[in-house]
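The values are calculated or read from the model by the stated rules, or taken from the named source; none is laboratory data. Just so it is clear, the structure is predicted and the values come from calculations on it, not from any experiment. Methodologically, a virtual Cβ is constructed for each residue, glycine included, from the backbone with ideal geometry; neighbour enumeration extends over all protein chains shown. What goes into the accessible areas is simple: the full protein's heavy atoms, side chains included, and nothing from ligands, DNA or RNA. Shrake-Rupley method; radii C 1.70, N 1.55, O 1.52, S 1.80 Å.
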Amino acid sequence: MRYFVLLFLSILVFSCKGKNDAPGGILKPDKMQEVFWDYIRADIYASEYLKRDSGKNAVIENLKLQDKVFKLHHTSREVFYKSYNWYANHKELMKTMLDSMVAKKQREKTKASPLLKSL
């Protein structure tokens, strides 16, 4: 009986694992969260702050910032966009990844709040 339970649990674990894993060439959810968060921050910076600087082309500066994000995370534009498209086609995984990303950043913000209050 014990062997049957172990066999059943093993089958259950391995059959579920494949459904949520990203295939080769696609950033894993944790890595995608990190890259995507910095990508969004760079995009917001370029669209909100750099567009006010008439001496700079916001589109070109945005592309430069994106390249810095990709280098920082040791990935490429192609891998990021391929991964983004894959997650966009797997709505439940995308939702889970984004919810987790937002929750993580909210926790970080909450941890930092007591420090800021004591200053």
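Applying a threshold of 9 Å to beta carbon distances and a minimum spacing of six or more residues, or different chains, the list of pairs starting in segment 75-93 at a residue that is over 17 Å from TRP37 (Cβ atoms) and among the acidic types (Asp, Glu) and ending at one that is open to solvent by 60 Å² or more (accessible area, probe 1.4 Å) and assigned to a helix (DSSP H, G or I) reads GLU92/ASN20. All conditions in (1) open to solvent by 90 Å² or more (accessible area, probe 1.4 Å); (2) modelled with pLDDT under 95; (3) within 14 Å of the chain's Cα centre (by Cα) hold for LYS82, with the sole exception of (2).
Take the residues in segment 50-74 that are without any contact (Cβ under 8 Å) to a residue 24 or more places away in the chain and aliphatic (A, V, I, L, M); name whichever of them is nearest to ILE40 (Cα to Cα). Looking at residues that are without any contact (Cβ under 8 Å) to a residue 24 or more places away in the chain and aliphatic (A, V, I, L, M), I get LEU65.
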